[in-house]
Amino acid sequence: MIKIQTRLVMVPVVLYVICLLIGCSRATSASPGSPWFHSAEQAVEYGLHEEQVELSDVLTTITVDGEELIFYEKYGAFGVGGVNEGSRGYQWYRSSPYRNFQGEDTPYMTGGFTVQTAKGRNVNILAGKVFDPKITSMTVKGNNEAQVLSVTGHSRFFFMAHQSPFSELEVTPVLGGGGSQDGGTKGTNR
């Protein structure tokens, strides 16, 4: 009789835990508790406040297919947030963890990751950090094109949104005199 009662009690508990796990594992672009605002600027201000980031820590804002992505630094780490536009207004979200590039014996580090926008679009991001003070910018080659990325912020980040697979991008540092340093990396952390 005690075994039957224990099993009867365990069934609702197990069902509750399963429902909780399913609900928590759902990927959402914006936290359901995040408030909605009348403007994108208000949503960004709120999001930066929630992330404990100052407006001066914002590196840049880009628009990808009509969606706003905000690149910023937080305590030396690289962050990407966004603004969700919906019928109720604008809402802040951050859909990827912070990236913390650390290196002592290397002039720079790179990494590639994908963020998902509020509309479900995957955006490839190349980001990195420069440790060598002689490096003033980075050249990225991919799809037979080259792009020069500035080294920005207190933490000396460089970054871009791209469409090529990370493994097909070649990243090369540019020294202060304008010359390129040998040994660019192709889709690997350096």
Please state which one of SER25, SER56 is small (Gly, Ala, Ser), modelled with pLDDT under 80, under 27 Å from ARG99 (Cα atoms) and open to solvent by 40 Å² or more (accessible area, probe 1.4 Å). SER25
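Table: residues versus (1) modelled with pLDDT of 90 or more; (2) in a strand (DSSP E or B).
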position: PHE78; (1), (2): yes, yes
position: GLY81; (1), (2): yes, yes
position: SER96; (1), (2): no, no
position: PHE101; (1), (2): yes, no
position: THR114; (1), (2): yes, yes
position: ALA118; (1), (2): no, no
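Condition first: in a helix (DSSP H, G or I), β-branched (Val, Ile, Thr) and modelled with pLDDT of 65 or more. Can you find one or more residues in the stretch 39-52 that meet it?
Residues of the stretch 39-52 that are in a helix (DSSP H, G or I), as a first pass: 40-50.
If we keep only those that are β-branched (Val, Ile, Thr) too, we end up with 44.
Narrowing the set further to residues that are modelled with pLDDT of 65 or more leaves 44.
Yes: one or more hits.
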Please work out which residue is modelled with the lowest pLDDT, limiting yourself to the stretch 136-186 and to residues that are part of a strand (DSSP E or B) and touching a helix residue (DSSP H, G or I) at 6+ places or on another chain (Cβ under 8 Å). LYS186
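Name the residue that is nearest to GLY66 (Cα to Cα), counting only residues in the stretch 120-135 that are part of a loop (DSSP other than H, G, I, E, B) and out of contact with any Lys or Arg (no Cβ under 8 Å at 6 or more places or on another chain). Spell out how you get there, then give the answer.
Restricting attention to the stretch 120-135, the residues satisfying the condition of being part of a loop (DSSP other than H, G, I, E, B) are 120-121, 131-134.
Restricting the remaining residues to those that are out of contact with any Lys or Arg (no Cβ under 8 Å at 6 or more places or on another chain) gives 120-121, 132-134.
Working: GLY120: 13, ARG121: 11, ASP132: 36, PRO133: 36, LYS134: 37 Å.
The qualifying residue nearest to GLY66 (Cα to Cα) is ARG121.
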Residues of the stretch 74-98 being open to solvent by 10 Å² or more (accessible area, probe 1.4 Å), touching a Gly at 6+ places or on another chain (Cβ under 6 Å) and within 17 Å of ALA161 (Cβ to Cβ), in sequence order, are ARG94
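The values are calculated or read from the model by the stated rules, or taken from the named source; none is laboratory data. If you're wondering where the values come from, they're calculated on a predicted model, not measured in any experiment. All Cβ positions, even for glycine, are placed from backbone atoms using ideal geometry, and neighbour counts span all protein chains on display. Only protein heavy atoms, including side chains, enter the accessible area calculation; ligands, DNA and RNA are left aside. Shrake-Rupley method; radii C 1.70, N 1.55, O 1.52, S 1.80 Å.
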